[in-house]
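Shown next, in structure tokens, is the structure this report addresses.
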Amino acid sequence: MRSRRYGDAGQAFPIYITVVGGLLFLAFAYFAVGQAAVNRNGAQTAADAAALAAAQETRDGLAGLWAQNVLDPTKWQGIFDGDGAVFDGCGRARQLASRNDATVIGACPTTTVPLSYTVYVRADKPVGQSIVPGTENHHAHAHATAVIEPLCTFDPPAADAGHDVLPRLSCKDGRIWDLDPKHLTDLPGPEDLFDVHLAD
């Protein structure tokens, strides 16, 4: 009876080794998946920050252009629509991507819509070595689109209207701007005129 018990233990040992080996393999596989997920999340964070930075740069430029033309309401709608916007937010996009350990790749912006930026990035650091072949040289990629949305509306001025009266700006936060052309010290800022957010 004693020798039989030792024989059973000897037969169970290979099974034990196989089970432990399988569990270790699964553990390393989950670790590799976790590595890839962290790298991918980092790239997505960089893409989000880069796209938002580019859009905010353009938003500030549009707000400045509106302030320069505040006495000519015939130009307001074009500015709010982003028509002919020449502001380049890609420099800011590259800065923010770099701060988040990523690099902007391809053209910037990659969208033809005036009031949006789509930015593609690649993580600077590879996923790293794991049991999955090739991950040591694999870099995560991600992209994000940021949208610039006008917040204010107004009634276009009459054709014979002079510069003595400016249209009232009605903004989505409920604020009303009655602008006095003779006292333009209190103008809405970029954040009052435009909202910047990531596209869904």
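Read-outs throughout are calculated quantities, based only on the coordinates presented, and are distinct from any laboratory measurement. Keep in mind the model is a prediction, meaning the values are calculated, not measured. Every residue, glycine as well, gets a Cβ built from its backbone with ideal geometry; the counts of neighbours run over all protein chains shown.
Report the net charge of residues surrounding V121, where surrounding means a beta-carbon distance below 15 angstrom and charges are Lys +1, Arg +1, Asp -1, Glu -1. Don't skip to the end; give the middle numbers.
Details: positive: R40, R92, R94, R99, R122, K125; negative: D48, D101, D124.
Neighbour charge sum, excluding V121 itself: +3.
Considering only the other residues whose Cβ falls under 13 Å of the Cβ of G106, what net charge follows from Lys and Arg at +1 and Asp and Glu at -1? Please list the in-between numbers first.
Values: positive: R94, R122; negative: none.
Taking every other residue near G106 into account, the sum is +2.
Applying 1/(1 + (r/R0)^6) with R0 = 30 Å to the Cβ-Cβ distance of N41 and D178, what FRET efficiency is obtained, to the nearest 0.05? Let's see the in-between values first.
Working: r = 47 Å, r/R0 = 1.55.
Step by step, r from the Cβ atoms, then E = 0.05.
Cross-link partners among aspartates and glutamates for K125, C-alpha distance below 19 Å, same-chain residues fewer than 8 apart left out?
Reachable aspartates and glutamates: D48, D101, E136.
What distance in nm lies between label points placed 7 Å from Cα along the C-beta direction at N69 and R168?
According to this spin-label approximation, the distance is 2.4 nm.
Most exposed first by the Cβ proxy, i.e. fewest other Cβ within 10 Å, how do T153, T185 rank? Could you put the intermediate results ahead of the total?
Working: T153 13, T185 5.
Ascending number of Cβ neighbours within 10 Å: T185, T153.
Would you mind checking which residues have amide H under 5 Å from R168's amide H? H placed 1.01 Å from N; only 5 or more apart, or other chain.
Excluding prolines and chain starts, which carry no amide H, the hits are D155.
Among R168, R59, which comes first, then next, by fewest other beta-carbon atoms within 10 Å?
Working: R168 13, R59 25.
Fewest-to-most ranking of R168, R59: R168, R59.
Once the other residues with Cβ under 13 Å from the Cβ of D155 are scored (Lys, Arg +1; Asp, Glu -1), what is the net sum?
Combined, the nearby Lys, Arg, Asp and Glu give 0.
Students often forget the sequence filter, so: which aspartates and glutamates lie under 13 Å Cα-Cα from K172 once same-chain residues fewer than 8 apart are removed?
The qualifying aspartates and glutamates are E149, E191, D192, D195.
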